[in-house]
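Notes follow the structure.
The values are calculated or read from the model by the stated rules, or taken from the named source; none is laboratory data. Fair warning: this is a prediction, and the values are worked out from it, not measured in the lab. Note that we place each Cβ from the backbone using ideal geometry, even for glycine, and neighbour counts take in every protein chain shown.
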Amino acid sequence: MIKDARLVKGKNPNLAISYLEKAIALSGKSKNNNQAEIYFLLGNIFEDTDQTKDAIKRYTEASSLLDKQKGNRLKDQINARLGNIYLGMNDENLALIHYNRCIQFATSDSIAIRCKEGKADLYIQQKNDKALFSTLQEIERYPLDSLTRARLDSRKAEYFILQNDYNKATQNFNNAVTNIPRNQKLDGTDYEVLSQTQNRIYDLNNETTTIVGLVNQDTLTTIASLLPKELEINKYLQAADAYAKVNNWNAAKVNISSAENLIDGNTSKKLTVDIYEKSVNINEANGDIKAAFQAQKKAIEANKQLIAELENKVDQQVNIGRGQSKIDLLQKDFTIEQKDAALLSNQLRTQKILTGLLGLLLLGSLVFFYFLNKSVKEKRKANQLLYLKSLRTQMNPHFIFNALNSVNNFIAQNDEKAANKFLANFSKLMRQVLDNSQKEFIPFEEEMALNQLYLNLEHFRFRDKFEYTFENKIEHAHDLAIPPMLIQPFIENAVWHGLRYKEGMGILHVSATEKADHVVVEISDNGIGRAKSKALKTKNQKQYKSTGLDNVAKRIALINEIYNKQYQIKVADLDVNNADIGTIVQIKIPLDSQ
């Protein structure tokens, strides 16, 4: 059946479709390699009848079947045809992909050469002379017959056309024609390559008088007896057009008459219409109204035949579409039958196994995700607690450094008493900080006492820069616990960035006030303000960079997440009307903070 379809597909595609329908019926159940060839032949039929999309679909299905069967047979031909189709559609990327696949799977030199020729045509279309030259060199490495050599020389002429070298283009084109044996009959593909090159040579030398001379001395005229009749007709049409361009209507009429004399029952109706319509125009321009009238009548009749031919072609395409639909349905029926048979024979056993597996899988999934979720939560919380502990154990290294500098300053001034006093208070503060570093929460009273001690130390160092007040108005402070070192960084920030650079005496006020459901700790100063402090620091390129505020922000975020709390910190300018606007920090501590 496949052999029969292959023999008749060109002349009777509908009959070929019926053969392929029977072939798929025989091969469907066995899933043999014939299915790929069936779809390949279907692609041929669609391609020959100008149904490009369906041709692409069938070639792709054939290729897919070959991939499943891990076979390379037909892959070169399929990709060669797909390359040609996509090149005709100007889809150069897909064309190149399929030409390369064709070369990869080529089972003979001839198919490899054809695909390389396809790449050459693609590069001609792209006007990519470098890629074209490289591809032509690849083709020349193969043993070439006379027609292939002629096509190669024709494409070499195309290369020199891209180089705007008229003489070398003409020379290579003449070599192409000379290579054709006198007894060799050209097919449409061979002539098309030569004809297109010749037309582009005409375009390269665009003087109309020269074109007439070229047509008159047409190199292809020497092989006119080898041409298919329609291609010979095209030669006369080309000559008629060339003479018409230079208003040589007598010569144009001679050539169009030669084209008319070659028309027979096998000449395509579209070409026939073109000939007679050109004849009308040429005869009218030549003043032969009678001949123009006769040509017009013949053109009208040819148009009617062309319309009828197109209608028949549409009917043919519809019938081919119906045939391929039957093949699709038949293939689907086979697939469904195979699946039904497998399901019926194994349904009960499969259902039991599937039910048991699904049950076990579901149970296993639930258990797995339960423990996974629990493990993730525990690990995440452990990591957060570890990070929180790390943050908690940090003490601002700049405070220690500056405090030791202060001791050094006292010693340098021979103020041993002041140095001893400062060291005693500093060691007491450090001991409390280190003790609290291992605790997640400490009593609010201890935190306030530690901050008061810290503030005493800062005031001892900068007593000429600021005074301070410290108020704790919390009545039930013993019931409240907060993270250690929560408040100290803001006091440090007020002293070091707000008051230290202030001209004159500054004021720092620390207070704790109890509200309905929370405690508010306020740290306010009348220092130089945040903007001026930042500008001053940038100007003097200060090396001091407190990490305390970042530390507190990270700790608060973690504590709020881990313990589901609502600690809040708000920082704002105190008085925008004064030169030293000052800063106020409000720390909101929930009463259920522990």
For THR189, only one of the following conditions fails: (1) within 21 Å of TYR86 (Cα to Cα); (2) modelled with pLDDT under 90; (3) surrounded by 14 or more Cβ atoms within 10 Å (Cβ to Cβ); (4) among the β-branched types (Val, Ile, Thr). What is its number? (3)
From the list ALA120, ALA169, which one is modelled with pLDDT under 90, part of a helix (DSSP H, G or I) and buried (at least 21 other Cβ atoms within 10 Å of the Cβ)? ALA169
Without any contact (Cβ under 8 Å) to a residue 60 or more places away in the chain and small (Gly, Ala, Ser), is that true of GLY498? no
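Any residue in region 140-153 that is of a type in the set (A, V, I, L, M, F, W, C), modelled with pLDDT under 90 and either within 39 Å of the chain's Cα centre (by Cα) or surrounded by 14 or more Cβ atoms within 10 Å (Cβ to Cβ) (or both)?
Here is the first cut: in region 140-153, the ones of a type in the set (A, V, I, L, M, F, W, C) are 144, 147, 150, 152.
Okay, now just the ones that are also modelled with pLDDT under 90, so 147, 150.
Within this subset, residues satisfying the condition of being either within 39 Å of the chain's Cα centre (by Cα) or surrounded by 14 or more Cβ atoms within 10 Å (Cβ to Cβ) (or both) are 147, 150.
Yes, there is a match, as at least one residue in region 140-153 is of a type in the set (A, V, I, L, M, F, W, C), modelled with pLDDT under 90 and either within 39 Å of the chain's Cα centre (by Cα) or surrounded by 14 or more Cβ atoms within 10 Å (Cβ to Cβ) (or both).
Report, by residue number, each residue of region 345-355 that is surrounded by 10 or more Cβ atoms within 10 Å (Cβ to Cβ) and at pLDDT below 80. Before the answer, list the steps.
At the first step, the residues of region 345-355 found to be surrounded by 10 or more Cβ atoms within 10 Å (Cβ to Cβ) are 345-347, 350-355.
Of everything in region 345-355, those that are surrounded by 10 or more Cβ atoms within 10 Å (Cβ to Cβ) and at pLDDT below 80 turn out to be SER345, ASN346, GLN347, THR350, GLN351, LYS352, LEU354, THR355.
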Please find, within region 446-468, the residue that is surrounded by the fewest Cβ atoms within 10 Å (Cβ to Cβ) out of those that are under 10 Å from GLY506 (Cα atoms) and among the aromatic types (Phe, Trp, Tyr). TYR468
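Across region 427-445, which residue is surrounded by the most Cβ atoms within 10 Å (Cβ to Cβ) among those that are of a type in the set (S, T, N, Q) and part of a loop (DSSP other than H, G, I, E, B)?
The initial filter retains those residues of region 427-445 that are of a type in the set (S, T, N, Q), namely 427, 432, 436-438.
In the following step, the residues that additionally are part of a loop (DSSP other than H, G, I, E, B) were identified as 437-438.
On the way: SER437: 14, GLN438: 10.
Taking the candidates together, the pick is SER437.
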